[in-house]
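Written out below as structure tokens is the structure these notes cover.
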Amino acid sequence: MATIAEIRPFVSKTFEPEEEIGEVTICHKLLPPAVSQLNEVNVMLTMGGDDRSLLDETGHNKYHCRPVYDANDICRGSCTCNSPSRLGLEAATAAFEAMKKDPCGHTASGLFSDVRSQIAELLHLPKSTGVFLTPSGTDAEYLPLCFMKALHGEGKTVNNIVACLEEVGSGTFEAAGGFSFSSTQPIPQSGGSSSKSATSATSLPLPGLALNVRTVGIPARNKDGSVVDLEAELDRLKMNAAMNANDETLILHTVYGSKTGIIQDCPKKVLDHIKQCQGLHVLDACQGRIEVEAILKYLEQGTVVLFTCSKFYRSPPFAGAVLVPPALMVQLAQSNFVPPSSLKGFFTQSQVPESLPRWRAALASTSENHGLALRWVAGLAEMKATLKVDEFERQEATACWRKAIIEAVSKHPRLRHFSEAEGCHGFQVSQSIVSVTLHKSDKNGTITNNAMTKSELSKVFQAMTEDMSTICDHPAAAKRCFIGQPVTINASQGVLRIALGSDSLRRFIEDPASVLKDDCLLIEKMSMMAEEFHSL
Ligand SMILES: Cc1ncc(COP(=O)(O)O)c(C=O)c1O
């Protein structure tokens, strides 16, 4: 039986007296006050993830987010990390209470099974599509590697090509190579705390997974900030030569909605090469900024789709899913391959479809990832409410919001909408993320073309989440504003991002003025923080 203290060593005090919830015991020892004041469900929502979800002594994670809903916060950080939405928290609380009242009837494994069915229903997935649940979009990367091992054994070297490298997850490249990417594993393994086992240090090969994998990254952007032409890059890599070798195969990742919103197309001739060498095309749609129809089109062509409900759909960090085309599921069921035990720190049997009993037996474990199950419950509540709205109406509203944000940004001389991704080489971008550069002054106080770098923007990112009324006498300065963390564009500049989440989109449809009022406050604060940068 696992305790919260074991699962998350930091959370050493929770609730008095010890209380059993299904297979998890919540126990009370000494916690920093900021964390001990949280409700059980809020604590539970932070559990079963990697180090990015850990709370510090002030009750915040590394993105300065708390696992609480606060109607006064302005949340436009859905491209990075969310505090729960009202709807999501209500749904997670109801599921948690049901689990406490009836731990036999309402188990985490039952919740996972429901979550998988609901995802399939909401996304209209073809029958027998595999739905795997993953602790995040980053560890979702381990599954395509497993699929290749199931298809080819250890006989072939897997060339795992990750496009748009700087604009996917910061740990994606390591995970795509079968390496650990965090010092904390989501599921504690017996005989030790979750965080300090040998395989949970970063950048270590996961036994049974990393062997015979060669990871290749293709940058997102050229030095001038323009988007890299993927087809030209793939030609340069001479992929087909590698494909013709009998002992090599390929996984190619393309992205549908990168950190700044880039949408890549996978060229037809590349898809043909992949088929020829029995490789795999993986679509990284982890931002969740993708229409159902597009997901279905990709699955239909044999693409594996990575998805999360913890970006656009606002669940707390993090909750992922891997959607697997039915034909590949048949091949997996026929293969003798089972996941290596090094993956037990990430997946329990309940996270794997019932149609793979061998996988489930290999991943059998005494502990379940309750936090992940509840995060998915929160995300599904948002997905249901949002996908109910007509697609055209959602797209129109998003375009309208974007136009208003770009206009509001243009009123502040220190802020500029970063539009490099748009319009060049016919690239598309997700409409629900607006990227902004922040500009510095010269020694005479004149605003220059010099944009802040990623490390400078990190200070602004943090200041945005805090009450800064001590340095600026303006109502906007006190507002806690959550935005996307800085992204590097090139050596000399980075961007901050304003991202619409599903709840704000629905509110925008009902009452655009109230959403834009918040956005204008947020943009005002961003401009003030850029101006007061020396005081941050
Ligand atoms: C495009 C994309 N892919 C993958 C990831 C990784 O997902 P997660 O943060 O759930 O690990 C991110 C995270 O920002 C992302 O933006």
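A few notes on this one:
- Region 360-401 - residue that is among the β-branched types (Val, Ile, Thr) and within 26 Å of residue 188 (Cα to Cα) and, of those, surrounded by the most Cβ atoms within 10 Å (Cβ to Cβ): 377
- Residues located in region 309-338, provided they are under 30 Å from residue 430 (Cβ atoms) and either more than 16 Å from the ligand (Cβ to nearest atom) or not assigned by TED's automatic domain parsing to the domain that holds residue 188 (or both): 324, 325, 326, 327, 328, 329
- Note on region 148-176: residues that are over 15 Å from residue 248 (Cα atoms) and surrounded by fewer than 23 Cβ atoms within 10 Å (Cβ to Cβ) total 6.
- Pairs are defined by a Cβ separation below 9 Å, a sequence spacing of at least 6 or placement on different chains, a first member in region 505-521 that is assigned by TED's automatic domain parsing to the domain that holds residue 477 and surrounded by 14 or more Cβ atoms within 10 Å (Cβ to Cβ), and a second member that is part of a helix (DSSP H, G or I) and at pLDDT below 95; the pairs so defined are 521/475.
- Condition met for residue 98 (more than 16 Å from the ligand (Cβ to nearest atom), farther than 19 Å from residue 519 by Cα, assigned to a helix (DSSP H, G or I) and touching a Leu at 6+ places or on another chain (Cβ under 7 Å)): no
- When we screen 304, 338 for residues that are of a type in the set (Val, Ile, Thr), over 28 Å from residue 87 (Cα atoms) and free of Cβ contacts under 8 Å to residues at least 40 places away in the same chain, the only hit is 338.
- Residue that is nearest to residue 205 (Cα to Cα), among those in region 133-169 that are assigned to a loop (DSSP other than H, G, I, E, B) and away from the ligand (no atom under 16 Å from the Cβ): 154
- Meets criteria (at pLDDT below 95, assigned to a loop (DSSP other than H, G, I, E, B) and farther than 24 Å from residue 257 by Cβ) for residue 182: no
- Candidates 215, 254, 260 - the one that is touching a Gly at 6+ places or on another chain (Cβ under 6 Å) and modelled with pLDDT of 90 or more: 215
- Flag for residue 341 being more than 22 Å from residue 179 (Cβ to Cβ) and away from the ligand (no atom under 16 Å from the Cβ): no
- Scanning region 32-83 for residues that are in contact with an Asp or Glu (Cβ under 8 Å, 6 or more places away or on another chain) and assigned to a loop (DSSP other than H, G, I, E, B) gives 32, 50, 62, 64, 83.
- For region 394-417, the criterion of a residue being closer than 23 Å to residue 123 by Cβ and touching a Ser or Thr at 6+ places or on another chain (Cβ under 8 Å) is satisfied by at least one position.
- Looking only at residues of region 359-392 that are in contact (Cβ under 8 Å) with a residue 24 or more places away in the chain, assigned to a helix (DSSP H, G or I) and of a type in the set (D, E, K, R), we find that the one that is farthest from residue 291 (Cα to Cα) is 375.
- One residue stands out in region 445-481 among those that are part of a strand (DSSP E or B) and in contact with a His (Cβ under 8 Å, 6 or more places away or on another chain): the one that is nearest to residue 64 (Cα to Cα), namely 451.
- Some residue of region 292-300 being hydroxyl-bearing (Ser, Thr, Tyr), under 10 Å from the mean Cα position of the chain (by Cα) and either more than 10 Å from the ligand (Cβ to nearest atom) or part of a strand (DSSP E or B) (or both): no
- Selection within region 26-58: residues that are at pLDDT 90 or above and either among the acidic types (Asp, Glu) or on the phi > 0 side of the Ramachandran plot (or both). The member of this set that is surrounded by the fewest Cβ atoms within 10 Å (Cβ to Cβ) is 51.
- Failed item, numbered, when residue 125 is tested on (1) outside any helix (DSSP H, G or I); (2) under 22 Å from the mean Cα position of the chain (by Cα); (3) closer than 23 Å to residue 39 by Cα: (3)
- Some residue of region 360-367 being at pLDDT 95 or above and within 16 Å of the ligand (Cβ to nearest atom): no
The values are calculated or read from the model by the stated rules, or taken from the named source; none is laboratory data. Worth saying up front: this structure is predicted, and the values here are computed from it rather than measured. As a convention, Cβ positions derive from the backbone with ideal geometry for all residues, glycine included, and neighbour counts pool all protein chains shown.
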